[in-house]
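Heads up, the thing below is written out as structure tokens.
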Amino acid sequence: MTITLPGTGTTEVRPVGRAADGAGGRARKGRGGKSGKAGPVTYTVLTLTALVSIFPLYWTVVAGSHTNAELAASPPPFLPNASLFDNFAAALDQAPIGKAILNSVLVSGAITVGTVLFCTLAGFAFAKLQFRGRGLLLALVVGTMMVPTQLSVIPLFMMIADLQWVNQLQAVILPTLVSAFGVFFMRQYLISALPNELLEAGRVDGASTFRIFWSIVVPVARPAMAVLAMLTFLTAWNEFFWPIIALTTANPTVQVALAGLGSGYVPQQSVIMAGTLLGTLPVLVVFTILGKQIVGGIMQGAVKG
Amino acid sequence: MATVTFEQATRIYPRSDRPAVDALDLRIEDGELLVVVGPSGCGKSTSLRMLAGLEEVDTGAIRIGDRDVTDAPPKDRDIAMVFQSYALYPHMTVEQNMGFALRLAGVGKAEIAQRVAEAARILDLEDYLQRRPKALSGGQRQRVAMGRAIVRQPQVFLMDEPLSNLDAKLRVQTRTQIAALVRRLGTTTVYVTHDQVEAMTMGDRVAVLKDGLLQQCDTPATIYERPANVFVAGFIGSPAMNIVTGEAVDGGVRVGTSVLPVDRDRLSRASAGTGRVTVGFRPECLDLGGPGDGVPVVVDVVEQLGSDAYLYTTPEGVQAGVGGSGVVVRIDPRQVPVPGQTVWLRTREDSLHVFDPVTQARVD
């Protein structure tokens, strides 16, 4: 059935090409206009900030590519040297770095997937679902952020020991599969980024609550989920306190293995730095993959206000 | 297609002592386009959301056809809704947006494609099926929202101010298209708007709400010609009907220094007990008379619209701007007086609306 409507042909506000041109024109104006132009002061400040931020990583490369004796010289070396791969080999020889990296990938990956999934679910519930006691529950969740991790270590270790999970990876994965910060972060994002009408449209279209979550909420929340994933992965990768209690050097994560490298009467700074560099590389890879999403998420949040 | 019936349907929001919708009794016939209109906070959107299942019904019932859907979830009501903001899924293409409900309902891929293509043809969206909502203009988004409703072939369309985000010119164009489309499809439609022009131009019938209470439900012509009370009289029509309350005297109602003629029967019934009468007359029902012929008024402002001209005046003997006492007159745009000039207005007795000043109800 075809229905010819009066004026249908003239409904277009403007041709598509012109619409795109218009948008492009505005974007060009924004970038090239007086207000959008960065001056020398901005460039200087940004360059200095970038240098200060990147220096620790650069110093890791420099220190990791020299011998201990070269590092002890005055002035210290400021350029990378040829000993990097020797130091890598020494680090891999002195501590199970390879196994530690694999363990850390598994642990951080599992924690990241779990945290993002559970925090998004809980954040959605707290942001958009109506249920009795919602405010009180949220206050309880946020309140747990005020309890120091150290307080819960002994009971947690007793539970882990009872489960015979000491020195097992699940001992460091399960206790951190959801975080109060993540729940609060996702809730705040969804409150502002997810209009109620979108959920109502889903309900009218016949979607169940879980289908609404999966097909509507998750795509909308993706930028925030990427940010949370990045933060969670970094935190899990750098976590030292609980893994060194729950794991041993026989089955370590990267940080536990690096602690092993640093022990001894004369710590070999160059080997430690080479090991640290090895342990940092996966994090750099993750950042490269998620970087675009993260910037998108930050921008989207800014635009939505 | 089905009838829709509200039976004493009431909604009281938590922490509110006043019902948002108060004992609404309304029947929408099969295939009818009913427009619910009223000012902000009158309960029009709430009633629509009650029908959609997005808002609880505290007391009373809602039926679609013979089915009592009062407690049914939205997906079991066989309705489709067009939201004010369109509520298009931002991550889906136009095609996916339109086919989403069908996919959830387990309709086969071939049928989904066929129904989406047909809706796209009807709405002139064929070239935009692979675009995402952000790459569409306001008018196109509005049509996608319509398309999403059409493909479901529901028993009832619900539309919640679907034109309010469009510019004035596109709004006029689109309202004609929606009205034509809905009538061709023959689907029962409930359309909510705050714009009385939309209500008058689109609806088979118009329901006027105020403070959660149904004021009148009738054809646009009847609502305009015979408003049930002072609120409806003042709300429907642009510019609004002139409404003045004055002392009932022999032969009519005193306004300023003059008397508007009202027949004895209506005068006595409307003024019973108070000695005062409220009368209303539309701007187009006044004629300019010669000096001394009619009610003398002073012209405050002249609005020249090209096809018409409107005079904003104050009756002589009444202080300008006091208690909404001004009188608006539509006149021939070729002979307009100047501000400050005194003109004489003649009312046509048959076009005078008489209301009881206490109950605000119409007196016939």
* Got a sec? Which residues in the range A:63-98 would a label at A:LEU284 touch, if it sits 7 Å along Cα→Cβ and we count backbone N under 20 Å? -> A:63-67, A:77-93, A:97-98
* To do: Kindly state, as a whole number, the per residue volume in cubic angstrom of the convex hull around the alpha carbon atoms of the range B:223-271.
  => 90 Å³
* Asked: What does the charge dipole of chain B about its Cα centre add up to, to the nearest 20 debye, if the Cβ of each Lys and Arg holds +1 and the Cβ of each Asp and Glu holds -1?
  -> 1140 debye
* **Rel. contact order, % - alpha carbon contacts under 8 angstrom, at least six apart, the range A:105-196** => 62 percent
* Asked: Counting Lys +1, Arg +1, Asp -1, Glu -1, what net charge surrounds B:ARG254 among other residues with beta carbon under 14 Å of its beta carbon?
  -> -2
* Structure fact -> Amide H proximity to B:THR59 below 5 Å, modelled H, separation 5+ or other chain, gives B:THR10
* Would you please give the FRET efficiency between B:THR257 and B:THR59, computed as 1/(1 + (r/R0)^6) with r the Cβ-Cβ distance and R0 = 51 Å, to the nearest 0.05? => 0.45
* Using a cut-off of 12 Å between beta-carbons, work out the net charge of the residues near B:LEU181 (Lys and Arg +1, Asp and Glu -1, B:LEU181 not included). => +3
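Do you know the relative contact order of the range B:89-155, to the nearest whole percent, from alpha carbon pairs under 8 angstrom that are 6+ apart?
Computed over the range B:89-155, the figure is 49 percent.
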* To do: Would you mind ranking A:SER104, A:SER179, A:SER74, B:SER351 by Cβ crowding within 10 Å, fewest neighbours first?
  => A:SER74, B:SER351, A:SER179, A:SER104
* Structure fact -> Semi-axes (Å, rounded, descending) of the ellipsoid equivalent to chain B per its C-alpha gyration tensor are 46, 25, 15
* Using the eigenvalues of the Cα gyration tensor, what equivalent ellipsoid semi-axes result for the protein assembly as shown when each is taken as the square root of five times the eigenvalue, whole Å, largest first? -> 70, 29, 25
* **Computed magnitude of the charge dipole of the range B:78-190 (debye, nearest 20; Cβ of K, R +1, Cβ of D, E -1)** => 120 debye
* Asked: Just how many % of Cα pairs in the range B:34-109 lie over 20 Å apart, if you round to the nearest whole percent?
  -> 46 percent
* Do you know the Lys pair count in the protein assembly as shown for C-alpha distances under 24 Å, with sequence separation 8 or more or different chains? -> 17
* To do: Send over the per residue convex hull volume for the range A:95-301, Cα only, as a whole number of Å³.
  => 146 Å³
* To do: Count, for each residue of B:79-90, the Cβ atoms from other chains sitting within 10 Å of its Cβ, then give me the mean as a whole number.
  => 5
* Asked: What list of ³J(HN,Hα) couplings, whole Hz, do you get for the range A:104-111 from phi and the Karplus terms 6.51, -1.76, 1.60, once you set θ to phi - 60° and write x for glycine and proline?
  -> 5, 4, 5, 5, 5, x, 5, 5
* Asked: Under a Cβ-Cβ cut-off of 11 Å, what is the net charge of the residues other than B:TYR13 that fall near it, where Lys and Arg count +1 and Asp and Glu count -1?
  -> -1
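So for the protein assembly as shown: antiparallel DSSP bridges make up what percent, rounded to the nearest 5?
So the antiparallel bridges amount to about 75 percent of the total.
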* Asked: Hey, what did chain B get for relative contact order, percent, Cα under 8 Å, at least 6 apart?
  -> 16 percent
* Structure fact -> If B:VAL363, B:VAL208 are placed from fewest to most neighbouring beta carbons inside 10 Å, the sequence is B:VAL363, B:VAL208
* Rounded, prolate or oblate: which one fits the range B:108-157, using the alpha carbon gyration tensor with axes a ≥ b ≥ c (rounded when a/c is under 1.5, else prolate when a/b beats b/c, else oblate)? -> oblate
* Dipole of the protein assembly as shown, Cα-centred, from +1 at each Lys and Arg C-beta and -1 at each Asp and Glu C-beta, to the nearest 20 debye? -> 1720 debye
* Directionally averaged projected area (convex hull, Cα atoms, the range A:95-211), nm² -> 10.2 nm²
* **J(HN,Hα) series, the range B:79-84, from Karplus relation 6.51 cos²θ - 1.76 cosθ + 1.60, nearest Hz, glycine and proline x** => 10, 9, 10, 10, 8, 4
* Which whole number gives the average count of other chain Cβ atoms within 10 Å of the Cβ atoms across peptide B:119-128? -> 2
* CD proxy at 222 nm, helix term only [per DSSP H run n ≥ 4: -39500 (n - 2.57); per residue of chain B; nearest 500] -> -7500 deg cm²/dmol
* Determine the principal axes of the Cα atoms in the range A:38-93, then give the extent along each, sorted from largest to smallest and rounded to whole angstroms. => 49, 26, 14
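Throughout, read-outs are computed from the coordinates displayed, never taken from laboratory work. Everything numeric in this text was worked out from a predicted model, so none of it was measured. Cβ sites come from the backbone with ideal geometry, for glycine too, and all protein chains shown count toward neighbours.
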